[in-house]
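Each value in this text was obtained by applying a stated rule to the coordinates, not by laboratory testing. Nothing here was measured: the structure is a model prediction, and the numbers come from that model. For neighbour counting, all protein chains shown are included, and Cβ atoms are generated from backbone atoms with ideal geometry for every residue, glycine included.
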Amino acid sequence: MTQPLTRPYTVVVIVPTGVGAAIGGYAGDALPVVRAIAQVADRVITHPNVLNGASLYWSMPNVSYVEGYGLDQFAAGQWGLRPVHRNRIGLLLDQGIEPELRDRHLQVADAARATLGLEIADYVVTDAPLEVELRTAASGATWGTIRQPDSLLRGAETLVQQLGVEAIAVVARFPDDQDSAALMDYRQGKGVDPLAGAEAVISHLIVRQFQVPCAHAPALAPLPLDPTISPRSAAEELGYTFLPCVLAGLSRAPHFIPQSPPQPQVTDIWAEQVDAILVPATACGGSAVLSFAQSATPLITVQENTTRMQVPAEALGLEAIAVSSYLEAIGVLAAHRAGISPTALTTKLAGLKPHKERRSQNL
Amino acid sequence: MTTSLVSPASKSDFVRPISNRFRIDFEYMLTQFVSLSVPLQANPAAMERAIAQALQSYGEPLRWAITAVDTAAQTAAIEAVVTIATRVA
């Protein structure tokens, strides 16, 4: 899609994690949105929650897999992104994972090496069980904490310092709660992903500390077959682990670089190169959106993608292009990229009016 | 790979220059969930600063979001996870 003498048209797609997004709140079910946007943009930057479909994934050369904490720093202009051809991935396993479940995850890593040709270093087991705790907040969003974050970070330090990995895939043992209403709703494509908030905390901790690409896959006991589950959640019912998509995403995730890097490269990406940002209409209260809102980057809000959040752009005084669906958003992006005002594609094109000069009342 | 950079003073406390890479300078760390309310600000930059300042009293902000806005009261509801670390002496 790149044309000579034009800068790459770059779109950031955000579907916040653990807020019950109708599209993207389940098993990588915003991936079709990104696949379509990747056809009208030169570059798409998005985060693992959007792209991870457990055993399903779709690798695209113009889509960057950027963990949420890193995406926030990128949006703030503090970190840049440096595309790479491949990463040497380190696998960090929670000591709390039972031996059989651990073997299932190690087999995924071996399969990714043999079948996909990914470069995966030896694995590290944390020096204590991480003890993930899930929480649903008053807003309806899921959050979570881990009791042993220092153990998580020591394991990541070993991977980075001793094994020289360039990206980290974490697998933490999450509590099995097979009879919970939240899980049953999730499998039916309703409600909020009960695990998502805690997953984000885990990957944020590592990215904040080590500034390397990171993503998380929960280790859970297999669920009994339910023939009625929603297509939006079905990708997580296909295997014993959620790890394949994480390894595929991390294998080419861009590196984080500091401001004024010692050896800048023409392919480095910075926040000021972003041409548009897409978010669900009610979820404009995240760090990345507030950072981009301080620039001239158009904010496109998608009404159809409902969430549990109650923060529309206007509540924060943000200017936005409101669209009803991702299909409409893709049209706006295509028009914007072509330098065409979206209004010109509608019946709302009014005639020009003479400019009325504003005069101060004090004059 | 370690680089030494200083964050511009005008940026919020959330932004983090790449530094201290690969080094852990604490013994213990806790993660804690925080819910609070912050007065609405005139612009996004001021909003980010206000949230950062409010969260700093609980720990180091890791993840946060404005989850609702009360336009009558002119406040924003914030949910966050912060970390609290015991530093190495």
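So the values come out like this:
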{"item": "With Cα atoms, 0 to 90° folded angle of helix A:99-116 axis to chain A main axis", "result": "60 degrees"}
{"item": "DSSP bridge pairs, the range A:83-256: antiparallel proportion in percent, nearest 5", "result": "25 percent"}
{"item": "Residue of A:Ala27, A:Ala322, A:Ala114 that the Gaussian network model of chain A assigns the largest fluctuation, springs spanning Cα pairs under 10 Å", "result": "A:Ala114"}
{"item": "Peptides ranked, highest mean first, by Cβ atoms within 10 Å: ranges A:197-210, A:84-97", "result": "A:197-210, A:84-97"}
{"item": "Viscosity 0.692 mPa s, 37 °C: Kirkwood-radius Stokes-Einstein D of the range A:69-116 over Cα pairs, µm²/s", "result": "239 µm²/s"}
{"item": "Ellipsoid semi-axes in whole angstrom, largest first, where each is sqrt(5λ) of the Cα gyration tensor of the range B:26-87", "result": "25, 11, 7"}
{"item": "Interatomic Cα distance distribution for the range A:83-256, bins of 5 angstrom, percent", "result": "1, 9, 17, 21, 20, 16, 10, 4, 1, 0"}
{"item": "Two-decimal Rg to Rh for the range A:160-310 - Kirkwood Rh, Cα set", "result": "1.01"}
{"item": "Spin-label pair A:Asp110/B:Gln32, simplified geometry with 7 Å Cα→Cβ offset, distance in nm", "result": "4.5 nm"}
{"item": "Theoretical FRET efficiency, 1/(1+(r/R0)^6), r = Cβ-Cβ of A:Thr267 and B:Ala72, R0 51 Å, to 0.05", "result": "0.60"}
{"item": "Selected from A:Asn62, A:Asn305, A:Asn52 as most flexible by GNM, with chain A as the system and alpha-carbon contacts under 10 Å", "result": "A:Asn62"}
{"item": "Antiparallel DSSP beta bridges within the protein assembly as shown, as percent of all bridges there, nearest 5", "result": "50 percent"}
{"item": "Largest-first principal axis extents, alpha carbons of the protein assembly as shown, Å", "result": "77, 54, 47"}
{"item": "Angle in degrees between helix A:326-337 and the longest Cα principal axis of chain A, rounded to the nearest 10", "result": "60 degrees"}
{"item": "Highest-MSF residue in chain A out of A:Tyr240, A:Tyr69, A:Tyr326 [GNM, Cα springs under 10 Å]", "result": "A:Tyr240"}
{"item": "Computed Rg/Rh of the range A:109-198, alpha carbon atoms with Kirkwood Rh", "result": "1.06"}
{"item": "Cα long-axis angle, helix A:149-162 against chain A (0 to 90 degrees, to the nearest 10)", "result": "90 degrees"}
{"item": "Per residue convex hull volume, Cα atoms of the range A:248-321, in Å³", "result": "129 Å³"}
